[in-house]
Amino acid sequence: MNMLEINGLNVWFGTARDRVDAVKGATFDVAKGQSFGLVGESGSGKSTILRAITGLAPTWSGSIKVAGETVEHKRHKSFFKTVQMVFQDPYASLHPRHSVDQVLGETLHLHGFKDIDNRVVKLLDDVGLGQKFRFRYPHQLSGGQRQRVAIARALAPEPTLLLLDEPTSALDVSVQAEILNLLADLRAEHGLTYLMVSHDLSVVGHMCDRLAVMKDGEIVEIMDVAALQGMQAKHPYSRQLLEASV
Amino acid sequence: MSQTQTLRAWLLTDTPTSRRHAKLSAIYQGWLSFRSNTMAMIGLGILVLLVLVAAAAPILAPHDPFAQDLGNRLAPLWSDSHVFGTDSLGRDILSRLIYGARITLYIVGLVALIAPILGLLVGTVSGYVGGWVDVVLMRITDIFLAFPRLVLALAFVAALGAGIENAVLAISLTAWPPYARIARAETLTIRSSDYISAIQLQGAGALRIITKHIWPLCISSLIVRVTLDMAGIILAAAGLGFLGLGAQPPSPEWGAMISEGRRFILDHWWVATVPGLAIFTVSLAFNLLGDGLRDVLDPKAGE
């Protein structure tokens, strides 16, 4: 069964003469439990696809299906119980005046959970942050710790599909590996499906089962990670990308 | 000694153990950085003194501020039992100043409550909702901004009738548009940030996002702006008093006292100068406090 099916997705910004087509006719699907990567250079429309799925980019056409259900432009609250997103920059994705406890507590409250205290404790354990971090504010945390909090927030509603928007690109190398391992463990533990955006082919090779290569808003090639590791890209652009990253 | 040491350590910890602990610790750290600003502490000191004086006015005032003594009119500074002299009706100026502190605080307090809250409401809704709501609210703001402040306040007082409550209302109605502009500008930058996107992805509604996520970030810059505007508010209130549209005689409002003393300013300069100095001191204190608060409350400073 496919967790996510995207068919002929177009996303644009602005109107008439200022219109910019960020994504043109993207089509791919992600099976349940799979990890799918979107790679490409900056401005190729990778992140925009994630924003269109979550509704943060409101101007899109085409069809998006999550767990077999067609997604409408106006999303129902239950949608956010299935799909969650981790943002690129952990320095920008946490409210500067809210403590970790407030961030997680409010998220749980919004999703109608009752045993908030227990769940906050469990979420912090899940992402490898101890209880001593519970009442800290973002400025008292390092980048890696902040990203763990952001991951905990995304896991709070117990989603099945997690959208990862370059979750490690703002972190330094040693912390990157920790976060990637955490994400891999969480996927195995909770049976999550990942849609991961990255410009780093080695990260995608480590994390994903399949991947799509994007250029100028279009998907030029979809391949398996085995093909990536065997350097068997067909499209000239993906071959170029592969060679550049070796 | 060791007790205070541990309390200090408890407040400065990096690992708070409860919600209350985290809040208190954040407040204490703000206080520490505020305390290191000498000028701001001087401003705070003057204002605390003003509040104490206003509260203890009946005890501190040497005379009844309304008691006239026509035989002792316009007594000079340091004359018998009248440190700051007497005014044209022989009333003790020091006592009137002390009681006037109450009126000043009353005006400042009410305006500080009404204007920023109105501005915050209009500005954040306008900035967050956008579209035609933004256009309508901002054009209304523009209309209010287009009038010179004192002229608009004069028009309101003329329509509502003279008196201290109406002066407060008039000043508030003319003071809110700049706050709305600030709040809107801040909201526009906050609205597009990732943490607002993140809470939108949890299904939060506009009301929750505005009140719980945008307000806390706007309030600090508004508080700073209010303290910096306080001087202007005191002067506007004094100006209305001076024109006879604010506090009515015999109420010892500082602006009204200046206006009264103006008639003798060449021969008996202290009658107008002493309340003028009081306005100056309090305005300065608010400005110093505002500068210090800006350093503490600026959300970027915490990063």
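The values are calculated or read from the model by the stated rules, or taken from the named source; none is laboratory data. Just so it is clear, the model here is predicted, and its values are computed rather than measured. For neighbour counting, all protein chains shown are included, and Cβ atoms are generated from backbone atoms with ideal geometry for every residue, glycine included.
Details
- Filtered residues of region B:7-42 (kept if outside any helix (DSSP H, G or I) and in contact (Cβ under 8 Å) with a residue 12 or more places away in the chain): B:Thr13, B:Asn37
- Residue count for region A:56-100 satisfying the condition of being in a loop (DSSP other than H, G, I, E, B) and either closer than 22 Å to A:Lys32 by Cβ or over 15 Å from the mean Cα position of the chain (by Cα) (or both): 20.
- Of all residues in region A:126-161 being of a type in the set (Lys, Arg) and part of a helix (DSSP H, G or I), the one that is nearest to B:Ala26 (Cα to Cα): A:Lys132
- Checked against (1) assigned to a strand (DSSP E or B); (2) over 18 Å from the mean Cα position of the chain (by Cα), A:Arg239 meets all criteria but (1).
- Close pairs from region B:43-72: first under 15 Å from B:Arg102 (Cβ atoms), partner among the basic types (Lys, Arg), Cβ under 7 Å, at least 6 apart: B:Ala54/B:Arg102; B:Ala57/B:Arg102; B:Pro65/B:Arg91; B:Pro65/B:Arg96; B:Phe66/B:Arg91
- Residue ID - nearest to the other protein chains (Cβ to nearest Cβ), chosen from residues in region A:147-177 that are within 12 Å of A:Val83 (Cβ to Cβ) and surrounded by fewer than 24 Cβ atoms within 10 Å (Cβ to Cβ): A:Pro157
- Enumeration of residues in region A:162-190 that are part of a loop (DSSP other than H, G, I, E, B) and under 16 Å from the mean Cα position of the chain (by Cα): A:Glu166, A:Pro167, A:Thr168, A:Ser169, A:Ala170, A:Leu171
- Breaking point among (1) under 28 Å from A:Val225 (Cα atoms); (2) among the β-branched types (Val, Ile, Thr); (3) more than 14 Å from every other protein chain (Cβ to nearest Cβ); (4) surrounded by fewer than 20 Cβ atoms within 10 Å (Cβ to Cβ), for A:Val23: (4)
- Evaluated against (1) at pLDDT 85 or above; (2) part of a loop (DSSP other than H, G, I, E, B); (3) more than 23 Å from A:Thr107 (Cα to Cα), A:Leu211 falls short on exactly one condition, (2).
- Residue that is surrounded by the fewest Cβ atoms within 10 Å (Cβ to Cβ), among those in region B:154-188 that are at pLDDT below 90 and either of a type in the set (Asp, Glu) or not in a helix (DSSP H, G or I) (or both): B:Gly161
- One residue from A:Val121, A:Val103 being at pLDDT 90 or above, within 25 Å of B:Gly203 (Cβ to Cβ) and more than 20 Å from the chain's Cα centre (by Cα): A:Val121
- Search result, residues across region B:12-64 that are more than 19 Å from B:Ser220 (Cα to Cα) and within 14 Å of another protein chain (Cβ to nearest Cβ): B:Leu12, B:Thr13, B:Asp14, B:Thr15, B:Pro16, B:Thr17, B:Ser18, B:Arg19, B:Arg20, B:His21
- If you go through region A:69-88 and keep only what is out of contact with any strand residue (DSSP E or B) (no Cβ under 9 Å at 6 or more places or on another chain), facing another protein chain (nearest Cβ under 7 Å) and touching a residue at least 40 places away in the same chain (Cβ under 8 Å), you end up with just A:Phe80.
- Some residue of region A:226-236 being farther than 28 Å from A:Glu178 by Cβ, of a type in the set (Lys, Arg), modelled with pLDDT under 85 and in contact with an Asp or Glu (Cβ under 8 Å, 6 or more places away or on another chain): yes
- Residues of region B:106-137 satisfying the condition of being surrounded by fewer than 21 Cβ atoms within 10 Å (Cβ to Cβ), over 18 Å from the mean Cα position of the chain (by Cα) and under 21 Å from B:Asp229 (Cα atoms): B:Leu121
- Residue check, B:Ser220 touching a residue at least 12 places away in the same chain (Cβ under 8 Å), surrounded by fewer than 22 Cβ atoms within 10 Å (Cβ to Cβ), within 14 Å of chain A (Cβ to nearest Cβ) and over 30 Å from A:Gly55 (Cα atoms): yes
- Any hit, region B:74-90, residues being more than 14 Å from chain A (Cβ to nearest Cβ), of a type in the set (A, V, I, L, M, F, W, C) and in a helix (DSSP H, G or I): no
- The sole residue among B:Arg191, B:Arg149, B:Arg139, B:Arg184 that is among the charged types (D, E, K, R) and more than 30 Å from B:His213 (Cβ to Cβ) is B:Arg149.
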